[in-house]
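Here is the structure we will look at.
The values are calculated or read from the model by the stated rules, or taken from the named source; none is laboratory data. Note that the structure is a prediction, hence the values are computed from the model and not measured. Please note: Cβ atoms are built from the backbone with ideal geometry, for glycine as well, and neighbour counts cover all protein chains shown. Just the protein is used for accessible areas: all its heavy atoms, side chains included, with ligands, DNA and RNA removed. Shrake-Rupley method; radii C 1.70, N 1.55, O 1.52, S 1.80 Å.
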Amino acid sequence: MYRYFGELLSRSAGSALASGCVDSALPVSSSLMRVRRYADAAADQPDDPNFFKMVEGFFDRGVAIVEDKLVDDLRTRESPEQKRNRVRGILRIIKPCNHVLSVAFPIKKDNGEWEVVEGYRAQHSQHRTPCKGGIRYSTDVSVDEVKALASLMTYKCAVVDVPFGGAKAGVKINPKNYSDNELEKITRRFTIELAKKGFIGPGIDVPAPDMSTGEREMSWIADTYANTIAHTDINAHACVTGKPISQGGIHGRISATGRGVFHGIENFINEASYMSMLGLSPGFQDKTFIVQGFGNVGLHSMRYLHRFGAKCVGVGEIDGAIYNPEGMDPKQLEDYKLQHGTIVGFPGAKPYEGNILEADCHILIPAAGEKQLTRHNAPKIKAKIIAEGANGPTTPDADRIFLENSVMVIPDMYLNAGGVTVSYFEWLKNLNHVSYGRLTFKYERDSNYHLLMSVQESLERKFGKQGGPIPVVPTADFQARVAGASEKDIVHSGLAYTMERSARQIMRTASKYNLGLDLRTAAYINAIEKVFNVYNEAGLTFT
């Protein structure tokens, strides 16, 4: 039961970890009663926990389970008490955000007015460098938000074995209120502010797209950095990922997060043991799903699930929601939104008046903002699988309710890691200064044709050629691959392998600790173990 406590556990375990007494954070019968009284008293209060504390609470939940194992696994000559102190000390190092930069800078708007723009960059951990995390443009950006998202990035990278520390940036603007010229000014000036303080660089800190940013903004960042502070650095364009192909980007990056969401769902929905817990059959064929947020992640998640047989029955955006129990075509909806700027009025569905999150479906994909699923709407959710395409869409109280109701939550720190995985591939491409497949493409193609010719000659030597040459016809799958792997093929293959391997690790951990459907805690345990091992084996400088 102790892994279900939500926000209360985040506070109690957080204070206990800070004092070095994690044991005191573990529940006893009296604390169980306090939790129940707390839940009753808070029933009518808004479920809007501090985002950074929320992430720390999930971290503490994992720590409470894995600490003893970390102590037992230490192979040193220290006493048991010294080992315990070492483990708790390193866990204390992992938890906080290492650096936070806050900047304010002026821009001159097209109408001649001046405006001061605020921006933030948080670096949670440098256990691996560079730090990695997106830049978002939103009026909701705050120090707390970027710290929370940076810490999530640390754990996300660890879960999928990408060797980066976590970071995040935000600029406090609504991009719809600015012209393209003004947005370019803001982006380039923010890049200079980061560079002046050492918060950007191929080996230091590498941003990426996030909410309301994309290839265009990343290109501006790369160009600004490469033509100013890094004008002599041959690796300068590795300072940011998510760039256009012409600027050193990589094929498959735009759809990477949505494709990762699909692969993440695929790995669990095809696992019969988990589907039996939910009372569902394995596979996509008879499944319906709803997407909240029809941006980059929502669109590509919808596209891939639709392609593999699932039916999208609902889509929600900030200005309205649509529903069609017969399903919707993602291409038609994408074209409609491009033409009209909204999904409202889409002829292939009807307006949905209620909360689209509570509509009937098998799979719910929150791909918008954080804290969308709370203790107030969690009991009304009809989906049996919550696939967290967004960062932090589920509050601790909602997470507890989902566990009690046997709803499987595939956690954000695993599910939306497709973006950072392919960003890692792009970063490597920029450092290597060669695209994937370029050196081997022709060799692989020739080798495959020689293989077919060899098979044909072997058959003709065995059976003769009385009736003419024996044709060797490759299958459709082999024919598609016979020319060799393109960069996109390599990226898609690497992403699928990464998501599958990470899913297996989460499943093994959930089974090992008897966590049932609590995949979030299993993912945190995996991340904590990996980050802990880096700190423990590297040692600490100047302590």
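Worth pointing out:
- Volume per residue for region 144-207 equals 104 cubic angstrom (convex hull of Cα atoms).
- Counted by Cβ distance under 13 Å from Ala383, the other residues give a net charge of +1, where Lys and Arg count +1 and Asp and Glu count -1.
- Computed 3J(HN,Hα) for region 204-211, one whole-Hz value per residue from the Karplus formula 6.51 cos²θ - 1.76 cosθ + 1.60 where θ = phi - 60°, is 10, 7, 10, x, 7, x, 8, 4, glycine and proline marked x.
- In Hz, Karplus ³J(HN,Hα) per residue of region 252-267 (6.51, -1.76, 1.60; θ = phi - 60°; x = Gly, Pro): x, 6, 4, 8, 4, 5, x, 5, x, 4, 4, 4, x, 5, 4, 5
- Residue order for Ser246, Ser255 - accessible surface, 1.4 angstrom probe, largest first: Ser246, Ser255
- Accessible surface, per residue, of region 59-169 when the full set of protein chains is kept, probe 1.4 Å, Å²: 38 Å²
- If you take the alpha carbon atoms of region 385-464 and fit the smallest convex hull around them, that volume is 146 Å³ per residue.
- Chain lengthening between Glu537 and Ser511 when straightened (0.36 nm per residue, less Cα-Cα): 6.7 nm
- Applying 0.36 nm per residue to the separation of Lys350 and Tyr449 and subtracting their alpha-carbon distance, the gain on full extension is 30.4 nm.
- Summing charges over all other residues whose Cβ lies under 9 Å from the Cβ of Met153, with Lys and Arg as +1 and Asp and Glu as -1, gives +3.
- Size descriptor, Kirkwood hydrodynamic radius, that averages inverse alpha-carbon separations across region 180-269, Å: 13.9 Å
- Per the Debye formula on identical point scatterers at the alpha carbon atoms of region 142-181, with no solvent, log10 I(q)/I(0) at q = 0.21, 0.28 Å⁻¹ is -0.67, -0.85.
- Geometric extent, Cα atoms of the chain - Rg, Dmax (angstrom): 25.1, 89
- Taking the helices alone, the chain has a mean residue ellipticity at 222 nm of -15500 deg cm²/dmol, built from -39,500 (n - 2.57) per DSSP H run of at least 4 residues and averaged over all its residues.
- Rg(Cα) / (2.2 N^0.38 Å) computed for region 340-478, rounded to two decimals: 1.85
- Cα-Cα over 32 Å, subset of Lys53/Lys109; Lys53/Lys512; Lys382/Lys488: Lys53/Lys109; Lys382/Lys488
- Computed over the alpha carbons of region 346-419, Rg followed by Dmax gives 12.5, 39 Å.
- q = 0.12, 0.21 Å⁻¹, region 252-341: log10 I(q)/I(0) [Debye, one scatterer per Cα]: -0.38, -1.04
- Dividing the convex hull volume of the alpha carbon atoms of region 258-310 by its residue count gives 67 Å³ per residue.
- When only Cα pairs below 8 angstrom with a gap of at least 6 residues are kept, the chain shows a relative contact order of 15 percent.
- Per-residue surface analysis assigns His376 an accessible area of about 80 Å², computed on protein heavy atoms at 1.4 Å probe radius.
- At q = 0.19, 0.22, 0.29, 0.31 Å⁻¹, base-10 log of I(q)/I(0) for region 316-371 (Debye sum, equal scatterers on each alpha carbon): -0.71, -0.95, -1.43, -1.48
- Rounded to the nearest 0.05, the FRET efficiency derived from the C-beta distance between Lys53 and Glu271 at R0 = 22 Å is 0.10.
- Neighbours of Cys131 by Cβ distance under 11 Å: Lys/Arg scored +1, Asp/Glu scored -1, total +3.
- Normalised by the number of residues in region 276-403, the average gap of Cα pairs under 8 Å and 6 or more apart makes the relative contact order 24 percent.
- The chain, accessible surface, carbon-and-sulfur percent (1.4 angstrom probe): 51 percent
- Compactness of region 407-453 as Cα Rg over 2.2 N^0.38 Å, two decimals: 1.87
- The alpha carbons of region 129-244 stretch over 39, 37, 26 Å along the principal axes, in descending order.
- For region 483-543, the spherically averaged projection of the C-alpha convex hull amounts to 7.0 nm².
- Full-extension gain in nm, Glu500 to Ile234, via 0.36 nm per residue minus C-alpha separation: 92.3 nm
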